[in-house]
Amino acid sequence: MESYFSATSDKPLVYETIGACFDRIADRFGARDGLIVRHQGIRWSYAEYRREIDRFAAGLLALGIRKGDRVGVWAPNCAEWCLTQFATAKLGAILVCINPAYRTFELEFALNKAGCIALVTAQRYLTSDYAGMLRDLQDARKLPHLKHVIATGEAPPPGMLTFADVCAMGSVAALADIARTLSPDDAINIQFTSGTTGMPKGATLSHLNILNNGRIVGEGMRFSERDRLCIPVPLYHCFGMVMGNLACVSHGAAAVFPNDGFDPVRTLEAVSAERCTALHGVPTMFIAELEHPRFGEFDLSSLRTGIMAGAPCPVEVMKRVQGEMHMTEVLIAYGQTETSPVNHQTTADDPLDKQVETVGRPGPHLEIKLVDEAGTVVPVGTPGEICCRGYAVMQGYWDEPARTAETIDAAGWLHSGDLGTMDGEGYTRIVGRLKDMIIRGGENVYPREVEEFLFTHPAVQEVQVFGIADKKYGEQVCAWIKLRRGHDASEDDIRAFCKDRIAHFKVPRHVRFVDAIPMTVTGKPQKFKMREAMEKEFSGS
């Protein structure tokens, strides 16, 4: 039996634009909560939300923004981010998501690569002086396409418009004519992928891609207008804007933002105060919430569901989320930016072992196959690269036909670079990245398998396993471990725990205890940084 699964559905895909979907939902649920942004004191019904979106869309139109123009957004989670997402969709402009952690070099690259003519930006965030970085680039004439900078907050520096200024510029009546010119197949979003080598690639996604992906994710959580989703994950990433905002809007649910960035206490406070029924997060977020000393103070009994994604979920963490956080219907989702992003998801009815050990089965209207290095579909139970085909696959990388062809083959299959195994029912288990697989003395070691085992040690809170070069064996297994508060362990303790319980070649040769695992903003472990640190240690430099 081969590792191939085609997921059908009795529900057709929705063929409409994001703007049309929003208006349809606002007509139906106008009095219900649409957007709650606690750190800004904003609480809008769907009718009020639509009014603010239309005002900003009309203002952008008055500035000269037209269908196909690229509009960047560079800010932490805030109401203005949400308004920009839906206002650009109503105009057919392409939203370009800029990572809030970007510095000058990365900002210059992203804005110029996409050819952004307008940018919505915060003035500052944490230690980043956004206004200062922009001024430096503009003074050096390094942003030739950028015509308009729209700042959130009040009193921006000279040369920037305020958000309120733009909202007051246009006529909402003009939007109706624009809507008739738009197609669900139009590109609507550019998401820059965070690769570990080379410059980021701009995954280009359509209304059809991301609206349907958000809707299907919401259906998996059994969303209705009665649900309230707490969104502590970043909006600039698909997790926030698709699995968060679009999952809510496509079902009339309320989107609740606890803060501008992730904070475990503010997240728990928001769930309790707003009686949220759903909560999103990457595993490290759920760990931070569960391990926080104040965790027991908050009433989380309203929770029912949510998504854990962005990185493989430790089994023990999943069990605690289901039990201590009352999220009995929490789902695991898996995919990549290039697939809008979800292509696998568990269901609330899946047996416990499938919920905690796999990423579920392919989503509706998608095909998945696992292939070897020659492109041949592997047998069930055999590791292979996960490939996806269907509605969720991106249009391509922006202005990168060669790199697109390296990722999407002639038959339309997107090659993920992730290694997985599929069982006879179509459930997939992630075992690592192609480039992360460790080959020690001719034996293949899948880091995910070793990580799952080490998570069963009572002192281990977080762990990442990767390979480093070794003259004798080619590679050796290395583990970076963050210990639980109040627990202690030594390298010998960890190796003794492994002895005779996993194969000898999987036992970490090198163990390092760290205060934090290096992560991207979206919670993905940066194994290349860990590998570089170990190589530097052993080189003596």
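The values are calculated or read from the model by the stated rules, or taken from the named source; none is laboratory data. Since this is a predicted model, take the numbers as computed values, not measurements. Every residue, glycine among them, receives a Cβ derived from its backbone with ideal geometry; neighbour counts consider all protein chains shown.
Take the conditions within 22 Å of T337 (Cβ to Cβ) and either aliphatic (A, V, I, L, M) or part of a helix (DSSP H, G or I) (or both) and apply them to K113. Does it pass? Taking the combined requirement at face value, the residue satisfies it.
Go through (1) surrounded by 23 or more Cβ atoms within 10 Å (Cβ to Cβ); (2) charged (D, E, K, R); (3) farther than 21 Å from C238 by Cβ and name the single condition K90 misses. Of everything listed in (1) surrounded by 23 or more Cβ atoms within 10 Å (Cβ to Cβ); (2) charged (D, E, K, R); (3) farther than 21 Å from C238 by Cβ, K90 misses just condition (3).
Restricting attention to segment 484-533, the residues that are touching a strand residue (DSSP E or B) at 6+ places or on another chain (Cβ under 6 Å), assigned to a helix (DSSP H, G or I) and touching a residue at least 60 places away in the same chain (Cβ under 8 Å) add up to 5.
If you filter segment 325-349 down to residues that are charged (D, E, K, R) and touching a residue at least 12 places away in the same chain (Cβ under 8 Å), you find that the one that is surrounded by the most Cβ atoms within 10 Å (Cβ to Cβ) is E338.
The residues listed here are G390, G375, G396; of these, the one that is free of Cβ contacts under 8 Å to residues at least 60 places away in the same chain, at positive phi and surrounded by 16 or more Cβ atoms within 10 Å (Cβ to Cβ) is G390.
Return yes or no: is P76 of a type outside the set (K, R), without any contact (Cβ under 8 Å) to a residue 24 or more places away in the chain and in a loop (DSSP other than H, G, I, E, B)? Against the criterion (of a type outside the set (K, R), without any contact (Cβ under 8 Å) to a residue 24 or more places away in the chain and in a loop (DSSP other than H, G, I, E, B)), P76 does not qualify.
Within segment 248-265, being in a loop (DSSP other than H, G, I, E, B) and surrounded by fewer than 24 Cβ atoms within 10 Å (Cβ to Cβ) holds for H251, G252, N259, D260, G261, F262, D263. Restricted to segment 310-338, and to residues there that are under 13 Å from V359 (Cβ atoms) and part of a helix (DSSP H, G or I), the residue that is modelled with the highest pLDDT is M318. Residues in segment 229-247 that are under 12 Å from I36 (Cα atoms) and in a helix (DSSP H, G or I): N245 alone.
So, in segment 176-202, of the ones that are surrounded by 17 or more Cβ atoms within 10 Å (Cβ to Cβ) and modelled with pLDDT under 95, which residue ends up farthest from Y391 (Cα to Cα)?
Here the residue is P200.
Within segment 289-309, the set of residues being within 16 Å of G220 (Cβ to Cβ) and not hydrophobic (A, V, I, L, M, F, W, C) comprises R304, T305, G306. Considering only residues in segment 155-206 that are among the charged types (D, E, K, R) and under 30 Å from the mean Cα position of the chain (by Cα), the one that is farthest from A118 (Cα to Cα) turns out to be D185.
Considering Y4, Y49, Y15, the condition of being surrounded by fewer than 16 Cβ atoms within 10 Å (Cβ to Cβ) and modelled with pLDDT of 95 or more is satisfied by Y15 alone.
Among the residues of segment 359-372, which ones are more than 15 Å from D423 (Cβ to Cβ) and crowded, with 22+ Cβ neighbours inside 10 Å? Break it down stepwise before answering.
Residues of segment 359-372 that are more than 15 Å from D423 (Cβ to Cβ), as a first pass: 363-367, 371-372.
Of everything in segment 359-372, those that are more than 15 Å from D423 (Cβ to Cβ) and crowded, with 22+ Cβ neighbours inside 10 Å turn out to be G363, L366.
Here is a check on your reading of the model: is E16 over 22 Å from R275 (Cα atoms), of a type in the set (D, E, K, R) and touching a Phe, Trp or Tyr at 6+ places or on another chain (Cβ under 9 Å)? Spelling it out, it is not the case that E16 is over 22 Å from R275 (Cα atoms), of a type in the set (D, E, K, R) and touching a Phe, Trp or Tyr at 6+ places or on another chain (Cβ under 9 Å).
Let's see how each residue does on (1) among the small types (G, A, S); (2) within 15 Å of V359 (Cβ to Cβ):
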{"residue": "A410", "(1), (2)": "yes, no"}
{"residue": "S416", "(1), (2)": "yes, yes"}
{"residue": "D423", "(1), (2)": "no, yes"}
{"residue": "R440", "(1), (2)": "no, no"}
{"residue": "E443", "(1), (2)": "no, no"}
{"residue": "R448", "(1), (2)": "no, yes"}
{"residue": "L454", "(1), (2)": "no, no"}
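Taking segment 117-225 and the strands (runs of 3 or more DSSP E) fully enclosed by it, the elements with 3 or more residues that are within 27 Å of P362 (Cα to Cα) are at 187-192, 202-206.
For segment 371-452, the strands (runs of 3 or more DSSP E) that sit wholly inside it and include 3 or more residues that are modelled with pLDDT of 90 or more and touching an Asp or Glu at 6+ places or on another chain (Cβ under 9 Å) are 384-390, 414-422.
Filtered by the rule that a residue be surrounded by 24 or more Cβ atoms within 10 Å (Cβ to Cβ) and out of contact with any Cys (no Cβ under 6 Å at 6 or more places or on another chain), segment 219-233 gives M221, I231, P232, V233. If you go through segment 399-431 and keep only what is under 30 Å from K506 (Cα atoms), among the aliphatic types (A, V, I, L, M) and without any contact (Cβ under 8 Å) to a residue 60 or more places away in the chain, you end up with L419, V431. Assessment of segment 10-24 against the conditions (touching a residue at least 24 places away in the same chain (Cβ under 8 Å), farther than 30 Å from Q345 by Cβ and part of a helix (DSSP H, G or I)) yields no matching residue.
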